[in-house]
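This report refers to the structure that appears directly beneath it.
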Amino acid sequence: MTDRPAQHPRPTRDRDRADLAIDAASWLGTLAIFIYGAALSYDVLHAIAPACGLDSVLARLWPLGFETFMAVAASPPPPSAHPARRSGRHGLGQRPIASRA
């Protein structure tokens, strides 16, 4: 028999819920930035487009493409891009690297 207490899966589930909540908030924030930016800058960007030589159809679409690019640049990285998620360690409850034996 071991002296270790039984481990419960709850901390991992809570951490997964927290990660999910953070990801959802990040995506909602990105969507809000896109909508806000498009609402503020569409008229200005639409006025610039014909001055740059775009026809009327492209002049209507170009501001949305610009704002889409900005939203993608502001969007959170995929979970696989985070080093702690790749290694499976989130750093919770771990000792600092210098003190590990």
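What follows is calculated from the coordinates using simple rules that are stated; it is not laboratory data. Every value quoted in this text rests on a predicted model; they were computed, and no experiment measured them. Here Cβ is always computed from backbone atoms with ideal geometry, including for glycine, and neighbour counts include all displayed protein chains.
What nm distance separates the two modelled labels at Tyr42 and Ser56, each placed 7 Å from Cα along Cα→Cβ?
Once both label points are built, they end up 1.8 nm from each other.
Among 63-74, 16-27, what's the highest-first ranking by average C-beta atoms within 10 angstrom per residue?
Sorting 63-74, 16-27 by mean packing, highest first, produces 63-74, 16-27.
Would you work out if segment 23-76 is rounded, prolate or oblate? Take a ≥ b ≥ c from the square roots of the eigenvalues of the alpha-carbon gyration tensor; rounded if a/c is under 1.5, else prolate when a/b is larger than b/c, oblate otherwise.
prolate
Could you tell me the relative contact order of segment 23-76? Use alpha-carbon pairs under 8 Å, at least six residues apart, and round to a whole percent.
Averaging sequence separation for qualifying contacts and normalising by length gives 52 percent for segment 23-76.
How much length is gained on full extension from Leu28 to Leu64, taking 0.36 nm per residue of separation minus their Cα-Cα distance?
11.2 nm
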